[in-house]
Structures are given as C-alpha cells and as structure tokens.
1. Tell me, what is the FRET efficiency for SER613 and ARG250 to the nearest 0.05, using R0 = 60 angstrom and their Cβ-Cβ distance as r?
2. When a/c is below 1.5 the answer is rounded, else prolate if a/b is larger than b/c, else oblate, so apply that to the range 330-381 with a ≥ b ≥ c taken from the square roots of the Cα gyration tensor eigenvalues.
3. What list of ³J(HN,Hα) values in whole Hz, one per residue of the range 375-387 in order, does the Karplus curve 6.51 cos²θ - 1.76 cosθ + 1.60 (θ = phi - 60°) give from phi, with Gly and Pro shown as x?
4. Under the rule a/c < 1.5 gives rounded, and otherwise a/b versus b/c splits prolate from oblate, where does the range 188-257 land using the Cα gyration tensor?
5. Could you give the nm distance between label points at ARG541 and LEU515, where each point is 7 Å from its Cα heading toward the beta carbon?
6. Within the set of other residues whose C-beta is less than 11 Å from the C-beta of TYR207, count the net charge using Lys and Arg as +1 and Asp and Glu as -1.
7. Hey, can you find the accessible area per residue of the range 172-245 for me, probe 1.4 Å, expressed in square angstrom?
8. How big is the charge dipole of the range 203-280 about its Cα centre, in debye rounded to the nearest 20, if each Lys and Arg gets +1 on its Cβ and each Asp and Glu gets -1 on its Cβ?
Amino acid sequence: MKTLTVGVLALLLSLSGPGVAVAQTGHDLFQQALVKERADGDLRGAITLYEQIAREFAQDRALAAKALVQMGRCHEKLGNVDAQRAYRRVLQEYADQTEMAAEARARLTRLQRLATGGTPPAGVALGDLDPSGLVLRRLQARPGFGDGGPTPDGRRFAYVDYETGDVALWDLATGEHRRLTQEGSWLPPEQFAINVAVSPDGRSAAYSWDIAQDSVIELRVVGLHGTPSRTLCSNTDSVFYPMSWSPDARHVAVTLYNRADSTAAIAWVSAEDGSMQRLARLPRWHWGGLSHSPDGRFSAVGQPVEADSGREDIFLVATDGAGVVPLVKHPARDRLVGWVPDSDHFLFLSDRSGDWDLWETRVVGGRASAEPRVVRRSVGEIEPLGFAGGDALFYALSSWHLTTSVAPFNPSTDEIDEATRTPLRDPSVAARWSPGGDRMALLVQTARGRAQFSLGIRNVATGEQRLLAPQLYPDQPSWFPDGRAVLLSGFERDRPEAGQALYRVDVATGEATALLEFERDPTEYGLTPVGVGGLMRRDGRHLIYVHGGTLRQHDLSSGREVELFRDPGVTTRLLALSPGGTELVFAVNDSTDAARPHPMRWLFNAGRLMIASLESGEVSELVQVSGPGTIPGVHWTPDGHHLLFLQTRRGEGSVLFRVPRDGGDAEHVWQTTHEIWDFALSPDGSW
C-alpha cells in the first residue's frame, strides 16, 4: 500500500543515531549543505559549507560551480547582495561549466533587472525563472494527509485522511477539511481508502476502498458536492489503484496489482457501469504515475528500466489497445509529471544534468516532436500531485527519501548532540551497529518507492559501503552476536507470493540463508515486508521473533519453539535485548485505540512497553505510552538500568524519554523539532 507520509511540502528528516566521524569528501559536504539549506532552513550554515567546497575542492570544477550557484540561491533567499558576487564568480572562474554558467548568468540578469526597478515576466513566480510560465503551487498540509490531488480549478484538494481512513476534501481558501466518506476505521472490521483521483470536471473523486477482513478491494466514486459514494467494481485477486480519469470523465484509469503473482496492468474502468478494459500489461508493479493526453488517445506511464537500478523511462499506452511505445528514453532517471492541461506540452523530471530538474517536450500524434528542454532547475525529487487552473502544478516531497545521520550521544544526560550530526551520503533507514561498533547494517534506498531498498554494510571509519543480498526485499536488520552475519526480515523480489522469511545474510560472502519461512498473508499486498521481525540471542542459537500476534523463541539447532507472549497488538518492529541478554523489551499496540493515525498497523502508536525474562518466561508491563505519536525505536542504556524510547508527532518533532528498567514514569530527557523515524545507540552508548 502506498502512503504519502509527508503532507505536501513537508520534508521529513530521519536522524538515525550513532556514528563516528569519517573523512569528508566534497560531495559529502555538499549533501550536508543541502540538508542545512532544505531540511533545516539554516541558510547561513549552508552558505558556509558551500563556500568551503568552492575553496577546498576547486579542482572538482563541476562541484565547485554547483556549490557557488547554490550559495547564490541562499544569499537570494536572505536578500543579500552577495548573491550577485557568487554568480559572477561562476562566470569568471567556471565559464567552462556551461549549465551552471548559464544558470548563474540568468539569475544575475534577473537580479540586476530587479535592482533597477524591473519586474519578473508575467506568469512567473517571484524568485523563479520559468520560460513556460508554469507556477508550482507549494502548500503546507496537516498531519495524516496523503494520496490525492487538486480539483481542476485549484480551489480544493481531495485526499485520504489517515486519521480516519476516509476520503476528505480540503478547501484551500478557507482551510476547512470535510470528510466525504464516513466509514473509515482502523478497528475491526477495518476499512479505509487508499488512493484518490479527482475527475477532470471537478465533480467526483475515484478511490480504492480496502475491506481488510474480507480481503476485498472496491473501486468507488464519491461526489465532491455531497453525492454519496457508489461502487464501480470489486475484486479479491487484484488491487485497484485509481491514477487518473480520461479527459471526458467517462473512464477511470487504474493500475491493477495482482496479489497472487505480483503482475501489474493498466486498465480503464467505466465510470458508468464499472466494466473494465485492460490496456497494457506492465513489466512490474510501480508507483510511476499516469497521465492522459488531452485528446484521450494515450496514457503516459513511468516504468523502471530494470529492477533496482533507479532508472525509469516513460512510455505511451494507446487507449484503443494498439500497444505501448517509448516516449522518454535516457540513461538517467526520468519520472513522469504529465501533460500540461489542454496543450501538447509534456513535463517530466530528470536528473540527467546532475540535479533534479523539470523538463519539457512536445508530443504530437503519440511521438515527441521536439528535443527536451529544461523549464525549471533544481526542483528537487518532488512527487507530482496534479495540475490545476491550467498553470499550476501541485506536488509533494516524498517521505521515503530519508536521511540517516550520526550524532554524538551523552550517556550521562541522554541528550543527542544534534548540532554536530553528520548525514550519510546515500538515502537510508534502519541503521544498526555491529557488536564491535565498527560497522553498520542499514537499508539503503536504491530507487524511488517504498520497497526499493537493499541491505548495506557500512564501515564507519572509512565510509566504505557494500550492498548485499540484492535478491531480497529487506526489512528490520539486526546483527548476529559474532558480527559475521545480519538477521534480515524480507522476501525474494522475484517470488513475493512465496511469503516472508527471516534470513541469515553472511557479511563476507553476501549469501542469504532462510532460517524461518512464513506463508504470505493473503490480506496483505504491496511490496514492503511487515509481518515478521526478529533478533538473535547472545548464544547465537536462539531466535526471538514476532509473527501473527505471537512472540516466540526458536531454537535453530533443535527446531523447538516456545511461545513467550500472545496478543493481536504485538508489533514486529520494537524488540530490544538487554545488555546481559536475559531480558527482552517489546511493544503491544492498544487495541482499543480508535484514533490510529496511520494505516501501517505494525507501527507502535499508543499502548504498552512490556519486559520479558528469557530465563523464567515471566512477562510484565514496563510503561504505558499514550498518543498521539509514533514510537520509532526502543533501546537499552549500556548499563542496563534504563530504557530509552522516542515519540514522534507529525508536524511537531520528536521527544526522547527514559524509563527505569524496573518500571515507573517515563521521564522526558530531550527533544527536537525534527521528526525522527528511527534511532539506534552504539554499543558503548556514545553515538
């Protein structure tokens, strides 16, 4: 299931603690500068780093020129005249870097025109240079917002309200949020909306409705002006993802994902009687977007070129079933945006220049009739949400591009030194320290999308990183006690129907061996493993895992299993073994909590942290945790006397709590305005 975990425009920063300092390359510094500029809003701090890059890495002329342009942009935002000085340096010292020189020249010309009383061209937002006149609409959404699009007039926005599971409508002028459906629930019988697509006449919205207990997906339509919802079709074998409507509003274009064999297809569903026409089979399921040509003859779709390469091309699917032809093919990563309304101008994102820029080509008769050109530079890795008003593009920033950072930790005060954190260069999550503290196992993002991660092993001293077990969709890494292997939850990319397993991945050879295998839950779909999690005991023989609401201990030598605890709310993600290896902390979601803010039900929101003795089998409650907020991590202090856990609230930040091992009230010890979605302590507790 796809979820937009950030409201439009909100870029989440995942600070995954511990780490040690490593030698800084120019590219490392550039990534740190981008974090300061875009995530932290620390423009002066970013300027300092850009200046350092231009000074210390001048031999890398492409990087130095790019740093100076970014520095000029930061000065522009601060209203500093130093912006012109930065752009002049590019023109004087790096004229051979043609793209950066062209941008510096254009920005310098604009600043000089404004300084003499000139005005930007009509239709171009102040501070942007856009020859097409397209305006990018930037909004701040509330928590729990996702998976939707604007109405054609740009006045409202239909979306999935993840606080309730219903479809809702946001009035952008008044700020009012109104639910269009009233049936959503995260409690049995669970049912909720998945994706919303607004019709081109602005009257209706199509959405998928998941009736979880019956494993049924329905494609429904609801009126935006009070008309009740109606079901177009339903299915137990495939999942409908409404992507867009035909220009005449007579059909809903959907992506079909087959649960049994993980195949995908594009189809049209009649908005009148629910009849379906399959247009094309896709090589693999992918959230690449879909857009109709203004004449309705073609649907453009983004597709990966090859698994896990990160490369995507764009293809045209004939809506009369005549076939599929390529539209945008390039060695870079190209992502679909879509046709500008009522025109032959087609927009797409590409990183072919080294940064994520917005490109344009013209499409006539199902073919590109002109060479692509850049219409907006450095827009970032945005997620297009739809056009409105003819000249506005709504977009979001994808929350799956998380930054793992390392920062010093003070074990005497339990405070994270956030000011000196160092972000890792590659997007990654779930970093876990090896027993010796010299390596990290982490999930490295290799392409866009929820499941596009691979297991990485990083040497913390050198920064060297290797990817292992590419055949697996990985989740929840943890180390074997001897540091020679990683325990990994996941399933085979080519055989998702086979179900999940817990794997031992040898760090030296990369060989993955399934230790325990589980049948696939037919009520779950999508490509992210969520149903099992585990860790190894210190003896390297006993595997502790959670599956199906049961906490178990499995003897790998004899195959004997012992049930430690059973509750439907036991989460797979929060397992913490004490330093001595004799006690385990785990979490139980509060099954009576009717206000779960997210459909990812394996996350821990409100409930209990429990502690189990692995010697006696005794289980007791450690502390009650109340919402709202998600608990992304629980860890023991190195002395074993306390437990630390984070609580993260969307739009508010994160708070670190400490609770005694013997139980008691949770003490608030540290907080940040950043939203932290994972954290881990080094073995000695200093990072």
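1. About 0.40, to the nearest 0.05.
2. It is prolate, given that a/c is not under 1.5 and a/b is the larger ratio.
3. With coefficients 6.51, -1.76 and 1.60, one gets 10, 7, 8, 6, 7, x, 7, 7, 10, x, 10, x, 9 Hz.
4. Here the range 188-257 falls in the oblate category.
5. It is 1.4 nm.
6. Local charge sum for TYR207: -3.
7. On a per-residue basis, the range 172-245 sits at 41 Å².
8. 200 debye
The values are calculated or read from the model by the stated rules, or taken from the named source; none is laboratory data. Please read all numbers here as calculations on a predicted model, not as lab measurements. Positions of Cβ are backbone-derived with ideal geometry, glycine not excepted, and every protein chain shown enters the neighbour counts. Heads up: the accessible areas ignore ligands, DNA and RNA and are worked out on the full protein's heavy atoms, side chains in. Shrake-Rupley method; radii C 1.70, N 1.55, O 1.52, S 1.80 Å.
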